[in-house]
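Below: one structure, written as structure tokens.
The values are calculated or read from the model by the stated rules, or taken from the named source; none is laboratory data. The structure presented is a predicted model; accordingly, all values stated were derived computationally and were not measured. Counting neighbours? That spans all protein chains shown, and the Cβs are built from the backbone with ideal geometry, glycine included.
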Amino acid sequence: MLLKYFYDDELAQASYLLGCPGGGVALVIDPSRDVEPYIRVAQENGLRIIGVAETHIHADYISGGYELAKRTGAKLYISKAGRGGEFAYDYPDSPDYVYVGEGDDIQVGAVMVKVLFTPGHTPEHIIFQVTDNNADRPIGLFTGDLLFVGDIGRPDLLEVAVGVANTAKAGAYQQFDNIQRLKTMPDYLQIWPGHGAGSACGKALGAIPSTTLGYEKLFN
């Protein structure tokens, strides 16, 4: 398994390229607007981008998911809870969309990515659990805006920033349930969050790029 980390300092936004060198394929998670770095790194490592995945609808930056999928011919994996309705993904129809939800799998060569439905920060939020090759347990989680280093994602942004009444309290209950779920998972899991220090999506985000679930259980 190959993992490449990308970070936009101005937006405090993290994105990732998850690759399987043996299969020569890769998945990009939460790409920023400039897609050239992902294409370049994939080429440098002999990988073909076959998938682009979004943890949620981003309000603080323009996603490069649509363009990256269109340019590479990759499938675009987005939450089925963000399909249709007033607050839904608003993409043109040309890429190969795959709407995913709880328990769905995304195969990246020999790497298995499982989707977990985690509404709270946004109603359609999902995270991705990664199992490498033939291991019998996962190695880590791409947690989007659910869990950060030292913080969790704010549940009030939809109400505060967009003006959708009565969503903050519901989101807080959902985030509480998400945290209870994470507490049942193994401490060794690596955590790869969607933002770092300076993001408005949390209040006390740490500046290091990754953490472990066990450490967050102790000190978050």
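Surrounded by 15 or more Cβ atoms within 10 Å (Cβ to Cβ) and either farther than 21 Å from Ser15 by Cα or out of contact with any Ser or Thr (no Cβ under 9 Å at 6 or more places or on another chain) (or both): which single residue out of Val130, Val149 fits that description?
Result of the check over Val130, Val149: Val130.
Scan the range 157-175 for residues that are within 26 Å of Ala207 (Cβ to Cβ) and either in contact with a Lys or Arg (Cβ under 9 Å, 6 or more places away or on another chain) or modelled with pLDDT of 95 or more (or both) and jot them down.
Answer for the range 157-175, where residues must be within 26 Å of Ala207 (Cβ to Cβ) and either in contact with a Lys or Arg (Cβ under 9 Å, 6 or more places away or on another chain) or modelled with pLDDT of 95 or more (or both): Val160, Gly171, Ala172, Gln175.
Give the range 1-14 a look and list any residue that's closer than 16 Å to Val149 by Cβ and in a strand (DSSP E or B), or say none.
Within the range 1-14, Tyr5, Tyr7, Gln13, Ala14 meet the criteria.
Have a look at Gly214, Gly198, Gly206 and point out the one that is assigned to a helix (DSSP H, G or I) and surrounded by 13 or more Cβ atoms within 10 Å (Cβ to Cβ).
Testing whether each residue is assigned to a helix (DSSP H, G or I) and surrounded by 13 or more Cβ atoms within 10 Å (Cβ to Cβ) leaves just Gly214.
Select, from Val149, Val164, the only residue that is over 22 Å from Leu213 (Cβ atoms) and aliphatic (A, V, I, L, M).
Going through Val149, Val164 in turn, just one is over 22 Å from Leu213 (Cβ atoms) and aliphatic (A, V, I, L, M): Val164.
Exactly one of these conditions fails for Gly65: (1) touching a Leu at 6+ places or on another chain (Cβ under 8 Å); (2) loosely packed, with under 15 Cβ neighbours inside 10 Å; (3) within 18 Å of Ile126 (Cβ to Cβ). Give me its number.
Condition not satisfied by Gly65: (2).
Do the conditions hold for Ala88, that is, is it in contact with a helix residue (DSSP H, G or I) (Cβ under 7 Å, 6 or more places away or on another chain) and free of Cβ contacts under 8 Å to residues at least 60 places away in the same chain?
So Ala88 passes the test.
Got a sec? Which of Pro193, Pro155 is under 16 Å from Leu116 (Cα atoms) and buried (at least 20 other Cβ atoms within 10 Å of the Cβ)?
Just a single option satisfies the conditions, and that option is Pro193.
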